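Report on the following structure.
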Amino acid sequence: MANDTITQEPAQTSTTVGNYFVSNYPPYSFWAEERVHEAEDALNRPPRPGTDLGIYLHVPFCRKRCHFCYFRVYTDKKNDEIQSYLDAALTELTLHAKRPAIAGRKADFVYFGGGTPSFLSSEQLVALTDGMKALVSWEGASEVTFECEPGTLTDRKIKTIRDIGVTRLSLGVENFDDHVLESNGRAHQSKQVYRAYDYARQMGFPQVNIDLIAGMMNETEDNWKACVAKTITLAPDSVTIYQMEVPYNTTIYKQMKADGKVTAPVADWQTKRRWVTYAFAELEKAGYTVKSAYTAVKNAANARFVYRDSLWAGADLLGLGVSSFSHINGTHFQNEHDFAPYLARLQAGKLPLHRSYTPNDDERLIREFILQLKLGRIDSAYFTRKFGVDPLVRFKPQLTALVADGHLAIDGTWLTLTRQALLQVDSLLHCFFLPQHANARYA
Ligand code: SF4
């Protein structure tokens, strides 16, 4: 449903609780336990010809919980519990590998996310990945991504991560100032970033990424500029920048609630957008190219984001681990979202499926269209070919409003967001949601 006011910036620009970030569609709150049979059906069908397969493993352990974190993470698990979790993840993959949707396929891309995958020891990583590869081969995978918390990285572990086949090392730097890091609950310090980065370079990873967050608590204009300058000096292959949000299940929100505050103690949205605008402009001056709302790459011709691009184009993704999300044969599903039930289901030899949803054709079109709009420039002809529906017609009211608001230019079949629109793209995407999804809490 069109609503030409939705494309305006939020009237209230301070950062309040909630998140705009759109990572999937329809919103997770519409996925249902009573629809889990749809996931079972999808797993029991052979794959759609020509569909790539990715594997995601959620490693839900961290040394400390960052104050802004809203992920499913545990900071108190003992070694035997961690081992049980890794065993369960391999059991999960064993069960999936027997299903028609997965049997006999190779992984085209692999992603270790968290939590903190680098929390695991070298021995655990080798045993885990040997086990995974024996079940679903990674041979020929075009990208294997591994997220790291710099303080967990020793030289030996970085070498192990390279040896197991990781091609893209993503360093969760977030900020280079130790006071900002500490006051936001980060476990690492800046000197650990430099050490890990240097050694990762020596190890020859094809792609090293640095993650930053604009608008952490105690961030200042000068410090943000210094962070950008330090990033450019390190010269990573890509830089990912997120604007700080304060979702409900964060420590920051709990403190706001206790204090009776509505506004979060972080920069307002205009300031955060200005900081990302500055960062992207500096990165562009240094030869980088902005490739999405969150990413700049050093070598645009060679830089690949296989996980992101495949996922946004409807690839199959098998999510392993507690609370992981999957998309197989056109059906969404999510695993049990707590540690004990996840383990219990697998120890009983059952898949830990928790909730599911099968989007219809129109919802699949909306999903791909809004996710790919985050790239900033898309060809509507791709969607017309794939879905038999022209987005310029299907979304005419919303696109007209975006053009009228100065957010979007349409040139033939190409749609290009302005830089300012790109930097608030998640809040603009909600206007493409079906009416029944428009006001959903995005969780
Ligand atoms: S390191 Fe990442 S996953 Fe772990 S607590 Fe911090 S933000 Fe959350």
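The values are calculated or read from the model by the stated rules, or taken from the named source; none is laboratory data. Computed from a prediction, not measured in an experiment: that's the story for all the values here. Here the Cβ positions follow ideal geometry from the backbone for every residue, glycine too, while neighbour counts run over all protein chains shown.
Numerical summary
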| quantity | calculated |
| --- | --- |
| Selected residue (criterion: surrounded by the most Cβ atoms within 10 Å (Cβ to Cβ)) from residues of the stretch 156-191 that are at positive phi and within 11 Å of the ligand (Cβ to nearest atom) | GLU174 |
| Test: residue in the stretch 419-435 that is surrounded by fewer than 17 Cβ atoms within 10 Å (Cβ to Cβ) and in contact with a strand residue (DSSP E or B) (Cβ under 8 Å, 6 or more places away or on another chain) | yes |
| Residue match in the stretch 192-199 (condition: in contact with a helix residue (DSSP H, G or I) (Cβ under 6 Å, 6 or more places away or on another chain) and buried (at least 23 other Cβ atoms within 10 Å of the Cβ)) | yes |
| Of all residues in the stretch 63-80 being part of a loop (DSSP other than H, G, I, E, B) and without any contact (Cβ under 8 Å) to a residue 24 or more places away in the chain, the one that is farthest from the ligand (Cβ to nearest atom) | LYS78 |
| Out of ALA107, ALA101, sole residue that is touching a helix residue (DSSP H, G or I) at 6+ places or on another chain (Cβ under 6 Å), at pLDDT 95 or above and within 22 Å of HIS327 (Cα to Cα) | ALA101 |
| Criterion: assigned by TED's automatic domain parsing to the domain that holds PRO206 and under 11 Å from GLY215 (Cα atoms) - qualifying residue of GLN270, GLN255 | GLN270 |
| Test: residue in the stretch 215-226 that is closer than 30 Å to MET256 by Cβ and in contact with an Asp or Glu (Cβ under 6 Å, 6 or more places away or on another chain) | yes |
| The listed residue being closer than 24 Å to LEU169 by Cβ, in contact with a strand residue (DSSP E or B) (Cβ under 9 Å, 6 or more places away or on another chain) and more than 16 Å from the ligand (Cβ to nearest atom), out of ASP108, ASP130, ASP41 | ASP108 |
| Tally, over the stretch 119-140, of residues that are within 24 Å of PRO150 (Cβ to Cβ) and in contact with a Gly (Cβ under 9 Å, 6 or more places away or on another chain) | 1 |
| Residue check for GLY50: more than 16 Å from the ligand (Cβ to nearest atom) and in a strand (DSSP E or B) | no |
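This table checks each residue for (1) modelled with pLDDT of 95 or more; (2) under 30 Å from GLU40 (Cα atoms); (3) crowded, with 20+ Cβ neighbours inside 10 Å.
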| position | (1), (2), (3) |
| --- | --- |
| ALA281 | yes, no, no |
| ALA286 | yes, no, no |
| VAL297 | yes, no, yes |
| ALA303 | no, no, no |
| ARG308 | no, yes, yes |
| TYR342 | yes, yes, yes |
| GLY349 | yes, yes, no |
| PRO352 | yes, yes, yes |
| ALA381 | yes, no, no |
